[in-house]
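For reference, the structure is listed below as structure tokens.
The values are calculated or read from the model by the stated rules, or taken from the named source; none is laboratory data. As the structure is a computational prediction, the values presented were derived from the model and not from experiment. Cβ placement follows ideal geometry from the backbone for every residue including glycine, while neighbour counts extend to all protein chains displayed.
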Amino acid sequence: MPVKKRASLGRSTSAARRMAATRAAEDSEDTRIRLDGQRARQAASRAAEDSEDTRIRLDGQRASQAASRAAEDSEDTRIRLDGQRASQAASRAAESPERRQGRRVYDRARHAASRAAESPEQRQGRREEDRARHAATRGAEDPIQRRTRSEDQRRRQAASRAAQWTFMEGEAFRYDPANNYDTHPQLYIGQMSDVCPYCNALKWHAETRGMCCSGGKVKLPELQPPPEPLKSLIGPTSFEVLRTVNGRICATFREACQLHGLLEHDQQWDATMSEAAAAQSPARLRNLFALILAVCGPSSPKQLWESYKESLTEDILRNARRQNPGMNLD
């Protein structure tokens, strides 16, 4: 790497050696006091900056960092990243719950501001870089790493789903006026102002589609037969004609009936399962699946099972892997 020029302090000067000796002689309290002082001075300096000073400082930092990164070889990059990971892990391990919460709030605000300031071209470029980086990472995985990542992802997803309803467990029996239930993303408190376009039932906003008029609750009026001679003219003349819809011969009579609108399709049950899989636990999802099979009569239950079998059996597979570590359940 090129030698950096320093105005008054270099790694080989006596001042640098004295500073290194002073740092080595510090105890944890001295280090804390010194770092607190540095943070206070830096905060005061940043607070005194105007927008132009901030821009100049950040541009200088970016240019210096880019030059340093460009001069690195692969070994230097690896050492730097390993050091950053170790430093970050140690810092996270030493955090208190309040400090961790504050850091996460600050990170969310900073990311939101950064995303809001992006132009469409910058957003597209960032997403393409993310996709390329993830594809390269996934491509370099071996089967064991891929299985470990999938299991970690399932655990995080299961924990996230369980956490969404943790604070609501039994709340109907011990309602607490101090809790702000309206802020929970899975709850809606308000007027039933939406009207179902099929059965005119009043619904809450964003209520699951089809649940108000499922299971035969709404029946279409019976169609009257057409009069003669029209009835004889429109009647089919062969089984092939029965399976022909808009000039195309269907493979089965069921497919032809669905295209004619004479049979219900499973789109509403697929949408119901999709919404439930994003928020419900596997056990509750299985209860919903059983209810759909028993009451609603989907036309293709096997296809519905194949579409959501991973979400339906997530906890069962996890328990089986925990009890039988050597068993291959993939």
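Of the helices (runs of 4 or more DSSP H) lying entirely inside segment 42-153, those carrying at least 2 residues that are closer than 30 Å to Leu317 by Cα are 120-139.
The lone criterion from (1) modelled with pLDDT under 85; (2) crowded, with 17+ Cβ neighbours inside 10 Å; (3) over 21 Å from Tyr198 (Cα atoms); (4) of a type in the set (A, V, I, L, M, F, W, C) left unmet by Leu242 is number (2).
Here is a yes/no grid of residues against (1) among the aromatic types (Phe, Trp, Tyr); (2) in contact (Cβ under 8 Å) with a residue 40 or more places away in the chain; (3) surrounded by fewer than 10 Cβ atoms within 10 Å (Cβ to Cβ):
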residue	(1), (2), (3)
Arg115	no, no, no
Gln124	no, no, no
Ala135	no, no, no
Pro143	no, no, yes
Ala158	no, yes, no
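Residue-wise test of (1) small (Gly, Ala, Ser); (2) modelled with pLDDT of 75 or more; (3) under 22 Å from Ser311 (Cβ atoms).
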| site | (1), (2), (3) |
| --- | --- |
| Phe167 | no, no, no |
| Asn179 | no, yes, no |
| Tyr188 | no, no, no |
| Asp194 | no, yes, no |
| Ala206 | yes, no, yes |
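Of Arg147, Arg131, Arg174, all but one fail to be within 30 Å of Pro282 (Cα to Cα) and surrounded by 12 or more Cβ atoms within 10 Å (Cβ to Cβ); the exception is Arg147. When each of Asp270, Asp315, Asp330 is tested for being among the charged types (D, E, K, R) and at pLDDT below 80, the lone residue that passes is Asp330.
Being within 16 Å of Arg321 (Cβ to Cβ) and within 19 Å of the chain's Cα centre (by Cα) is a description that does not apply to Arg126. Take the conditions (1) at pLDDT 80 or above; (2) more than 28 Å from Pro143 (Cα to Cα); Lys309 misses just one of them, which is (2). Annotation: Leu288 fulfils all but one of (1) in a helix (DSSP H, G or I); (2) in contact (Cβ under 8 Å) with a residue 40 or more places away in the chain; the unmet one is (2).
Here's the yes/no breakdown for (1) over 36 Å from the mean Cα position of the chain (by Cα); (2) surrounded by 10 or more Cβ atoms within 10 Å (Cβ to Cβ):
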| residue | (1), (2) |
| --- | --- |
| Ala20 | yes, yes |
| Glu26 | yes, yes |
| Glu29 | yes, no |
| Ser51 | no, no |
| Leu58 | no, yes |
| Gln65 | no, yes |
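For Leu285, indicate whether it is at pLDDT 75 or above and assigned by TED's automatic domain parsing to the domain that holds Leu312. Steps first, answer last, please.
Numbers: at pLDDT 75 or above: yes; assigned by TED's automatic domain parsing to the domain that holds Leu312: yes.
Spelling it out, Leu285 is indeed at pLDDT 75 or above and assigned by TED's automatic domain parsing to the domain that holds Leu312.
Among the residues in segment 288-309, are any among the charged types (D, E, K, R) and over 14 Å from Asp270 (Cβ atoms)? Full working, then the answer.
Step one: filter segment 288-309 for residues among the charged types (D, E, K, R), giving 302, 306, 309.
Remaining after also requiring over 14 Å from Asp270 (Cβ atoms): none.
The answer is no, given that none of the residues of segment 288-309 is among the charged types (D, E, K, R) and over 14 Å from Asp270 (Cβ atoms).
Only one of the numbered conditions (1) part of a loop (DSSP other than H, G, I, E, B); (2) over 20 Å from Thr148 (Cβ atoms) is violated by Trp305, and that is (1).
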